[in-house]
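Participant: A single structure is presented below for examination.
Each value in this text was obtained by applying a stated rule to the coordinates, not by laboratory testing. Computed from a predicted structure; not experimentally measured. Here Cβ is always computed from backbone atoms with ideal geometry, including for glycine, and neighbour counts include all displayed protein chains.
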Amino acid sequence: MKWLAITAAPLTGVVVFLLILSGYSPPPEVVTDALAGAGEYAPSATATADIPADVLALYQAAARTCPGLDWAILAGIGKIETNHGRSTLPGVHSGQNSAGAMGPMQFLQGTWNLYKTAAPGHLLPNVYDIADAIYSAAKMLCHDGAAIGLPLPPKTDTASWKRLHDAIYAYNHADWYVNEVEAQADQYRGPWVAAATPVAAVTAAGITPSNPLGPDCPHPPISQGFGPSSLLGEPAAHGYAHFHTGFDLACPFGTPVREIGAPGVLTLNAASQSGGFGNEPVVEIQTTAGGHYFVRFGHLDAFAPGLRGGMTVKPGDLLGYEGCTGYCTGPHLHFEVDQGALSVTASINPSSWLAL
């Protein structure tokens with residue numbers, strides 16, 4: 001790792017300086033993942049070998065909060081700054097380096113004050129937390145014009161590529177830095193994967209969209225959407241080696257989880273019998289329009305008192321409390337809709353069931 005690469009830090013110039021002098025410090029934001037898109041670049045073999053799987057997923061998810069932003073640019077910055085948070089040099093995990101830079105994405109205090117963003121499921125942003133740092137870097141790049149469209153425009157579109165150059169240059173005022181970020185992104189960027197037909201939302205007749213975490217968490221952050229995934233723990237489905245088969249809604253641990261959609265018959269699958277879904281109520285719904293669905297509410301910490309298998313539940317009934325049982329990296333509700341059979345291969349995009 002070059003010393004200059006480690007000490008490089010985001011800068012925003014005179015405007016930031018004046019804002020800092022005035023005492024301006026916007027409140028931290030919590031962001032959500034996009035519900036759907038035209039697709040994204042798959043990670044190359046170099047990316048999957050060099051970037052830890054959980055960090056790669058963060059780059060992808062954070063980029064989706066800014067339509068048109070390429071995750072590989074974020075990853076290129078993360079590589080050059082701190083080798084994706086693995087550097088042990090001063091300022092990466094605590095304190096600051098000689099240039100005043102902090103955290104895995106090497107923010108200066110002024111730019112952190114402007115762009116600090118809590119990752120989904122986090123209450124307050126922490127510059128040393130890699131998820132918060134990546135989401136904050138995505139916000140800064142988005143603000144500075146790095147979202148030039150996906151798939152990326154041809155190099156003949158010089159205006160768009162200049163905008164991307166300028167956005168990376170705003171992160172660190174050096175042409176060599178821009179060149180290294182773009183070169184690293186080129187190595188990480190695999191083939192373009194368009195959103196496949198199964199990823200499209202299915203509108204279900206007889207279903208009333210709602211929020212399974214409302215009213216206690218009225219606008220839950222989406223920490224992972226429905227679609228192809230780079231996480232090796234996700235199952236094979238819809239023609240992909242790894243596919244996330246629902247929506248992950250990240251509210252605080254213990255948030256009440258309620259039935260939505262339409263009345264149905266309840267099955268309670270304990271963590272010991274549901275595999276990666278942990279404690280999982282499943283509601284089998286047969287609509288008046290002839291639809292047949294199995295709705296999963298995964299990773300609950302505990303079921304609501306009084307529930308029993310075979311009983312009928314209706315929208316608004318308490319099913320349990322958000323947790324992190326099963327295959328899970330942090331508290332969230334995995335909301336999944338399987339059509340016709342209780343199987344991840346029968347999953348459909350559940351966005352039309354949700355009103356968030």
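Participant: Output ³J(HN,Hα) for segment 307-323: one whole-Hz value per residue in order, computed from phi by the Karplus curve 6.51 cos²θ - 1.76 cosθ + 1.60 with θ = phi - 60°, and x for Gly and Pro.
Facilitator: In residue order, the calculated couplings are 6, 8, x, x, 7, 8, 10, 10, x, x, 5, 6, 9, x, 9, 4, x Hz.
Participant: What are the ³J(HN,Hα) couplings of segment 148-153, residue after residue, when phi is run through the Karplus curve with 6.51, -1.76, 1.60 and θ = phi - 60°? Round to Hz, x for glycine and proline.
Facilitator: 9, x, 10, x, 4, x
Participant: Also, I was wondering about something else. Need one word for segment 222-353: rounded, prolate or oblate. Basis is the Cα gyration tensor (sqrt eigenvalues a ≥ b ≥ c); a/c below 1.5 gives rounded, then a/b vs b/c decides. The partial results should precede the final answer.
Facilitator: Working: a/c = 1.68, a/b = 1.15, b/c = 1.47.
It comes out oblate by the Cα gyration axes.
Participant: If you don't mind, another one. When the helix-only estimate is applied to the chain (DSSP H runs of n ≥ 4, each -39,500 (n - 2.57), divided by the residue count), what is the mean residue ellipticity at 222 nm, nearest 500 deg cm²/dmol?
Facilitator: On the way: 9 runs with 92 residues, N = 356.
The helix-only estimate for the chain comes to -7500 deg cm²/dmol at 222 nm.
Participant: Let me ask something else. Quick one: which residues, 5+ away or cross-chain, put their amide H under 5 Å from the amide H of Asn269? H built at 1.01 Å from N.
Facilitator: Glu280, Val282
Participant: Extending each Cα 7 Å along its Cβ direction at Thr329 and Asn179, get the distance between those two points in nm, one decimal.
Facilitator: 3.4 nm
Participant: Let me ask something additional. For a quick check: with amide H placed at 1.01 Å from N, whose amide H comes under 5 Å from Leu231's, ignoring anything fewer than 5 positions away on the same chain?
Facilitator: The answer is none.
Participant: Let me ask you something else. Take the chain, compute every pairwise Cα distance, and split them into 20 Å bins from 0; I just need the percent in each bin.
Facilitator: Binned Cα distances yield the sequence 30, 52, 18, 0.
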